[in-house]
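What follows is a short report on a single structure.
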């Protein structure tokens, strides 16, 4: 027997970080939720508007709250499943502090408007590099621990941990291919349709391989431990794992149904999304059936309560997701608050509740004591469950109301609700109720933090938990193929990589290599220098968090917005800005609706003046801030490097073109008697130039 110790200290620190950042991320999300009911909460500062704090909320919850808890759960279970201390204490702490610095960098840069605008990948290129380095450290530590194990076979949880590390690395590297302009600014290497496909290949699979596969591994370890029961079916876990990781990677295009993405890619994403029901529910059933014979304990044990609801929420989300991939359902739900409800059933129920159950189980173990108060834990469970219900139900109602109102026609064949704000006014009460649900959920987290603090105070922390196990004997493993494979971690990792790369390659490569998949349009020209500055401001302010730029081929949308969007219109869009939510109207044809420059000027200063009932923040700082003309040449050069056909030397006269266009827009505004002496260099002029350009490359007749 060899004596060694498990490292609990690193687990403790990841758990503490998860709780602290969880509070921050959830409070930011709650603020954003109430901003949609009471716009005054935007506070008229550039750092607290919905467009800037919404990505702060998603990044804090996904990568800080869930990410830190994921690392804690992996590091605790990995050591015990392999009967070995983590490969390197130094790497463990480099991983911990590196990850926290990345989170702090996100918390600083996102409110400052330093963003790529890509959903769940908003962080700029220096932080992307840091993420890559820290992820490599994590992988070395994990694989190193597996290689020095004292247990020959890798348990199912470890399979999911390996798949998580491999796939997230691939997704992050491909989606983060950017052309730097400055330390805080870059442009996506991909444009338009290609960028959209890469982003949602990443975005959907970030959900799959950061929020799902590691937590399935955590479920496979902590649920049987808490229930003191073996996993229901080993064979089912094999089918669950390989089918899930192979199928999941194909499903990203279902986020782009009815867009300008080629139909073959849309159909492929939809087909594989439907197929996902089988492996997803296989995992859910494997988890729930593990509790057979232990249901009496579920009624009493808060740990099992949280885990049962978590696995059930996983089942609900993984049924709803494929259903939303059906085109007829997607036509109703996409761009509405239905998707917000769907996402939060998974986030609050699956990830949140599984984390809470894991924490309630881990704290007594690591502090060598009993949970301070089972009654408080049960109170947390019921308050949290009620919070999820009160959060999600109004969003489902709001989503259906939005879709029906957007699509309704009168008997005369005209839109019944031509004014988009009619829809906004009708669902505002739903936003208030949603905020109440979020408040209840956070109250539950405060109860948990107090309970865990008192639990820790009543015990003594075991930083290095003593253990012993026989050394691993080197001998040939015989038996079924998968049992042999479980004893060969490097081969297992390679096969995992192959499984996830097949779908990625077959979806992405044709879109990039076959030109007919993204046909060009002769009238589509690159943005002017002033429009590029305006587009950067649009991205900085997070306008695409509330406005889409994709008119879908529905009668209701072409009647409201104009001609549906074509793939060739976006060939110079680095990055794409199609959006995923319509809190405000689509802007894909904004330049053709004949809104004057003066209207935009008034609208951005006080949205309710131009659009009574608007929920949009005021952007009054744009009127005093000036664009940086010294950046113009760098922007043009960077755009040329990613494929935009600006002629050589154009950067030398770009500022002159910029000033000429700014003069025309300012002069147009000054035609209104209430405006005079407009600052030609102000950011608002550049933003108006961009908004007036949108959709104009295709004429009204076309």
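Rule-based calculations on the coordinates, nothing more; no lab input. Computed from a predicted model, the values in this text were never measured in an experiment. Virtual Cβ from ideal backbone geometry, glycine too; neighbours counted across all protein chains shown.
Just to be sure I understand the model, the point goes 7 Å from the Cα along the line to the Cβ. What's the resulting residue 4 to residue 328 distance in nm?
Once both label points are built, they end up 5.7 nm from each other.
If a/c stays under 1.5 just call it rounded; otherwise compare a/b with b/c (prolate if a/b is bigger, oblate if not). Do that for the stretch 385-517, with a ≥ b ≥ c from the square roots of the Cα gyration tensor eigenvalues. Before the final figure, lay out the partial values.
Numbers: a/c = 4.38, a/b = 1.41, b/c = 3.11.
The shape class here is oblate.
Tell me the label only: which of (i) 223; (ii) 158; (iii) 237 is volume of the Cα convex hull per residue in Å³ as calculated from this structure?
It is the value labelled (ii).
Subtract the Cα-Cα distance of residue 505 and residue 104 from 0.36 nm times their separation in residues, and report this length gain in nm to one decimal. Display every interim value, and only then the final one.
On the way: separation 401, 0.36 × 401 = 144.36 nm, distance 3.41 nm.
Computed gain between residue 505 and residue 104 is 141.0 nm.
Helix 213-227: angle to the longest alpha-carbon principal axis of the chain, degrees 0 to 90, nearest 10?
On a 0 to 90 degree scale, this one is about 40.
Can you run the Rg to Rh ratio on the stretch 441-503? Use alpha carbon positions and the Kirkwood inverse-distance Rh. Kindly include the intermediate steps, with their values, before the conclusion.
On the way: Rg = 21.9 Å, Rh = 17.1 Å.
So for the stretch 441-503, dividing Rg by the Kirkwood Rh gives 1.28.
Can you work out the PRE-style zone for residue 294? Point 7 Å along Cα to Cβ, and I want the residues of the stretch 342-363 with backbone N under 17 Å.
354-363
Tell me what the chain gives for mean residue ellipticity at 222 nm when only DSSP H runs of n ≥ 4 count, each as -39,500 (n - 2.57), the sum divided by the residue total, rounded to 500 deg cm²/dmol. Write out the running numbers ahead of the final one.
Values: 27 runs with 423 residues, N = 702.
After summing the helix terms and dividing by residue count, I get -20000 deg cm²/dmol.
If I take every Cα pair under 8 Å that is 6 or more residues apart in the stretch 529-693, average their sequence separation and divide by the length, what percent do I get for the relative contact order? Each step should come with its number before you reach the end.
Numbers: 211 pairs, mean separation 55.5, N = 165.
Computed over the stretch 529-693, the figure is 34 percent.
State, to one decimal in nm, how far the label point of residue 432 lies from the label point of residue 696, with both points 7 Å from Cα in the Cβ direction.
Inter-label distance under the simple model: 4.1 nm.
Residue separation times 0.36 nm, minus the C-alpha to C-alpha distance between residue 414 and residue 466: what's the value?
Computed gain between residue 414 and residue 466 is 11.3 nm.
Tell me, rounded to the nearest percent, the portion of alpha carbon pairs in the stretch 120-211 spaced more than 20 Å apart.
Details: 1850 of 4186 pairs.
That tail contains 44 percent of the Cα-Cα pairs.
If you count, for each residue, the other Cβ atoms within 10 Å and average over each peptide, how do 517-527, 88-98 line up from highest to lowest? Don't skip to the answer; put the middle values down first.
On the way: 517-527: 14.4, 88-98: 17.4.
Final packing ranking: 88-98, 517-527.
Per-residue counts of other Cβ atoms within 10 Å, averaged by peptide: what ranking do you get for 329-338, 658-667, highest first? Intermediate results must be reported in sequence, preceding the final value.
On the way: 329-338: 21.3, 658-667: 17.9.
Ranking, from highest mean packing down: 329-338, 658-667.
How far is helix 156-175 tilted, in degrees, relative to the longest principal axis of the Cα atoms in the chain, given as a value from 0 to 90 rounded to the nearest 10?
Taking the Cα atoms of the chain, the angle to 156-175 is about 20 degrees.
Based on the alpha-carbon gyration tensor of the stretch 529-693 and its eigenvalue square roots a ≥ b ≥ c, which shape applies: rounded if a/c is under 1.5, prolate if not and a/b is larger than b/c, or oblate? It would help to have the intermediate numbers written out before the result.
Details: a/c = 1.81, a/b = 1.10, b/c = 1.65.
Oblate shape, in that a/c is at least 1.5 and b/c is the bigger or equal ratio.
Let's test the formula: R0 of 56 Å, r as the Cβ-Cβ distance of residue 670 and residue 88. What FRET efficiency results, to the nearest 0.05? Don't jump to the answer; show the numbers that get you there.
Working: r = 66 Å, r/R0 = 1.18.
FRET efficiency, residue 670 to residue 88: 0.25.
Would you calculate the separation in nanometres between label points at residue 652 and residue 628, each defined as 7 Å from the Cα along the Cα-to-beta-carbon direction?
About 2.5 nm separates the two model spin labels.
Using packing as a proxy for protection, rank 347-357, 450-460, 112-122 so that the peptide with the highest average count of other Cβ atoms within 10 Å comes first.
Values: 347-357: 26.0, 450-460: 16.2, 112-122: 20.9.
Result, highest mean Cβ count within 10 Å first: 347-357, 112-122, 450-460.
With 10 angstrom as the radius, rank 151, 557, 473 by how many other C-beta atoms surround their C-beta, starting from the fewest. Write out the running numbers ahead of the final one.
Details: 151 18, 557 22, 473 7.
With the sparsest Cβ surroundings first, the list reads 473, 151, 557.
If you average the sequence gap of Cα pairs under 8 Å that are 6 or more apart and divide by the length of the chain, what percent do you get for the contact order?
Numbers: 1149 pairs, mean separation 122.5, N = 702.
RCO, the chain: 17 percent.
With axes computed from alpha carbons, what is the tilt in degrees of helix 234-248 against the longest principal axis of the chain, rounded to the nearest 10 within 0 to 90?
For 234-248 against the chain, the angle is about 20 degrees.
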